[in-house]
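*Asks:* Just dropping this structure here.
The values are calculated or read from the model by the stated rules, or taken from the named source; none is laboratory data. Since this is a predicted model, take the numbers as computed values, not measurements. Positions of Cβ are generated from backbone atoms using ideal geometry, with glycine treated the same way; all protein chains shown enter the neighbour counts.
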Amino acid sequence: MRSARTRTILTLAALLAGCSNAGSREPKAPEPFTDFDTLTFEQSACLFDCSVFELEIASDGRVRHSGPDFERTGGPHESRIDRRGLAQIAQALRDARVDEMRDSYQDGDEGCKGAITDMSTLSFHVTRDHGQRNKSVVLYAGCVGPTIPSARMSALIKAIDQVTGTGALLEQRKKLRRPDGEAVAPST
């Protein structure tokens, strides 16, 4: 009886040894709440009083505003957004169908049937999978035509602004400039 029990235990031990992860549960990787590593948005100058800046959003929630409008008024601004905000931006990217867009909308051969002069150029760059999948879109804001994704880009910019507060931050910084464009020292 004892040898039958020993044989049964040894048989079970041998079977379990053949299944290297039997009974163990590998920790499941957390679900990504965003589908980008970094998202960068830049706006260039225009003839009027357009803000000139760069906004970078990292998948861990770090947000960095920089560029001339920030350099002249106290330097870059860094903040954080939460998972919900990141998820909203990721959804806005999907809704805008950025991957379906051309890389450039600036010239007639890129869909511009007409152009309003002296407007900003908007640049989006999305990095995914540690740089393995990237997408960039450059849109001259004055570019008009039936294939220009202006409404989708506007919706994306609005969604990003709602989460990051970029518009409000730019307005605050604008108040720190004198009428001649020179910086005024921030009040402490």
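*Asks:* Got at least one residue in the stretch 139-146 being within 25 Å of S59 (Cα to Cα) and surrounded by 12 or more Cβ atoms within 10 Å (Cβ to Cβ)?
*Replies:* The answer is yes, given that some residue of the stretch 139-146 is within 25 Å of S59 (Cα to Cα) and surrounded by 12 or more Cβ atoms within 10 Å (Cβ to Cβ).
*Asks:* Counting only residues that are assigned to a loop (DSSP other than H, G, I, E, B) and more than 15 Å from the chain's Cα centre (by Cα), which one in the stretch 76-101 is nearest to V138 (Cα to Cα)? Steps first, please.
*Replies:* As a first pass, look at the stretch 76-101 and keep what is assigned to a loop (DSSP other than H, G, I, E, B): 76, 81-82, 97, 101.
Next, only the ones that are more than 15 Å from the chain's Cα centre (by Cα) stay: 76, 101.
Details: P76: 23, M101: 10 Å.
Residue satisfying both the conditions and the ranking: M101.
*Asks:* Taking the stretch 119-160 only, how many residues are among the β-branched types (V, I, T) and in a helix (DSSP H, G or I)? Don't jump to the end; show me each part of the working.
*Replies:* Let us first name the residues in the stretch 119-160 that are among the β-branched types (V, I, T), namely 121, 126-127, 137-138, 144, 147-148, 157, 160.
Still in the running and in a helix (DSSP H, G or I): 157, 160.
Residues flagged as among the β-branched types (V, I, T) and in a helix (DSSP H, G or I) within the stretch 119-160 amount to 2.
*Asks:* Follow-up question, since we're still on this one. Within the stretch 71-92, which residues are touching a residue at least 24 places away in the same chain (Cβ under 8 Å) and either in contact with a His (Cβ under 6 Å, 6 or more places away or on another chain) or surrounded by fewer than 13 Cβ atoms within 10 Å (Cβ to Cβ) (or both)?
*Replies:* Within the stretch 71-92, H77, S79, R83 qualify.
*Asks:* Being at pLDDT 85 or above, β-branched (V, I, T) and either more than 17 Å from the chain's Cα centre (by Cα) or farther than 25 Å from L170 by Cβ (or both) narrows it down to one of T73, T117, so name that one.
*Replies:* Details: T73 fails: at pLDDT 85 or above.
None of the other options fit; the residue is T117.
*Asks:* With the requirement that a residue be without any contact (Cβ under 8 Å) to a residue 40 or more places away in the chain and not in a helix (DSSP H, G or I), what does the stretch 103-118 give you? Reasoning before the result, please.
*Replies:* We begin by selecting, within the stretch 103-118, every residue without any contact (Cβ under 8 Å) to a residue 40 or more places away in the chain; these are 103-104, 106-116.
Scanning the stretch 103-118 gives D103, S104, Q106, D107, G111, C112, K113, G114, A115, I116.
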